[in-house]
Structure formats: C-alpha cells, structure tokens
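J.: Okay, here's the structure, questions in a sec.
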Amino acid sequence: MRTTRALAASAAVVATLGLAAPTAVARDGMPITLSNLVALPSVIARGGQLTVTVDGCPGLAVATSDAFSSTTLNRVANSNTSRGTATVNTNARTGSHSITVTCGSQTLTNPTAYTVIGGVRGGLGGSSSTGATPTDMAIGGGLVAAAVVGGGVFLMRRRAERRI
C-alpha cells in the first residue's frame, strides 16, 4: 500500500474518533433526565397492544394511562431506554390519551401519546340483507346477453372461415 493511501486512511480514522469522542463523554457528570416518551402505534383500536418507550431511565419504570392499567417498563440492554407493552382496555373511550411514566423520582407525561379508535364492526362485510336491486339485475342480464351475442358472432365467423 502506498504511503499516501496509508496516511489518508489513518487520517480518516483519527478524524472519526476525534469527532465521536466529545459526543461519547458529553453526559459524564450530568444527571440523566426522562425524555422522548413514545407510544407505538400512535393510533390503536380498543383491546390492542401498545409499546411504550422512554429514554433516560436506566432502570425499571411504570407507565400509567386512563386507557390501560399500570405497566412495567424494563430497561433495554446497554442503554438508558426502558420499554414495555400495554393492552388498551376494551371499554376505553375513543380519542386522544396521555401516558405518564415514573422512573425513580422522575416523572414525564406525554399529553397526546396515542389515540384510541372505536372497534371495527365485523360480520356482514358490506353486504346488504335486501338482495340485488332491479338495477343490478338489469345490468347483470345485459352483460350476460352481450356475452351470448358476442360468442355467437364469434362462432359464426369461425364457421365461415372453415368453408374456404
């Protein structure tokens, strides 16, 4: 390897480490505070599961909301992030809900963390109980008649081609 390439590679490594070092030690001596309280998905149906994540909590935390019971958030390995899963009550009111996380002596609230939507009505799937309307019957009959006439014309033309 040429000397210039080796110097360029080592300069790139030194620059990368030099820029990353202040970032790595920026929090030393500073207290860690709760931040970035997120609930995913942000829109959920009643009875669904919600993942709650908070940064700045090096241990166990507790998340509370009026739409689910208290949930324990566990520390994510090698980080200051805690995460847990909560199940939204089946009778939760629709609309925006807040989440409050308590970690040690710190508390953080996100007033519009997620939105609960009403449950989906299942069953009929868009079908109607009255059956086909006269318009539907006329359209279907017209399409069938057009197919029969078109097929007859096609067969008549094929028959005429064979005689030649």
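The values are calculated or read from the model by the stated rules, or taken from the named source; none is laboratory data. Here the structure is a predicted model, which is why all the values come from computation and not from measurement. No Cβ is skipped: glycine too gets one built from the backbone with ideal geometry, and neighbour counts run over all protein chains shown. Note: areas computed on protein heavy atoms with side chains; ligands, DNA, RNA excluded. Shrake-Rupley method; radii C 1.70, N 1.55, O 1.52, S 1.80 Å.
J.: Do the conditions hold for Thr112, that is, is it within 18 Å of the chain's Cα centre (by Cα), among the polar types (S, T, N, Q), modelled with pLDDT of 90 or more and open to solvent by 60 Å² or more (accessible area, probe 1.4 Å)?
T.: On the way: within 18 Å of the chain's Cα centre (by Cα): yes; among the polar types (S, T, N, Q): yes; modelled with pLDDT of 90 or more: yes; open to solvent by 60 Å² or more (accessible area, probe 1.4 Å): yes.
For Thr112, the condition - within 18 Å of the chain's Cα centre (by Cα), among the polar types (S, T, N, Q), modelled with pLDDT of 90 or more and open to solvent by 60 Å² or more (accessible area, probe 1.4 Å) - is met.
J.: A further question on this structure: Can we say Thr133 is among the β-branched types (Val, Ile, Thr), surrounded by fewer than 17 Cβ atoms within 10 Å (Cβ to Cβ) and either more than 24 Å from the chain's Cα centre (by Cα) or modelled with pLDDT under 95 (or both)? Quick ask: steps written out before the conclusion?
T.: Working: among the β-branched types (Val, Ile, Thr): yes; surrounded by fewer than 17 Cβ atoms within 10 Å (Cβ to Cβ): yes; either more than 24 Å from the chain's Cα centre (by Cα) or modelled with pLDDT under 95 (or both): yes.
In short, yes.
J.: Right, something else. Limited to the stretch 93-116, what total is found for residues that are touching a strand residue (DSSP E or B) at 6+ places or on another chain (Cβ under 7 Å) and in contact (Cβ under 8 Å) with a residue 60 or more places away in the chain?
T.: Within the stretch 93-116, residues that are touching a strand residue (DSSP E or B) at 6+ places or on another chain (Cβ under 7 Å) and in contact (Cβ under 8 Å) with a residue 60 or more places away in the chain number 11.
J.: Here's another thing I want to ask about it. Scan the strands (runs of 3 or more DSSP E) fully inside the stretch 36-108 and keep the ones with 3 or more residues being over 26 Å from Gly118 (Cβ atoms) and open to solvent by 60 Å² or more (accessible area, probe 1.4 Å).
T.: Those strands (runs of 3 or more DSSP E) span 68-75.
J.: Just a yes or no: is a residue in the stretch 136-159 in contact with a Cys (Cβ under 8 Å, 6 or more places away or on another chain) and modelled with pLDDT of 90 or more?
T.: At the first step, the residues of the stretch 136-159 found to be in contact with a Cys (Cβ under 8 Å, 6 or more places away or on another chain) are none.
Scanning the stretch 136-159 turns up no residue that is in contact with a Cys (Cβ under 8 Å, 6 or more places away or on another chain) and modelled with pLDDT of 90 or more.
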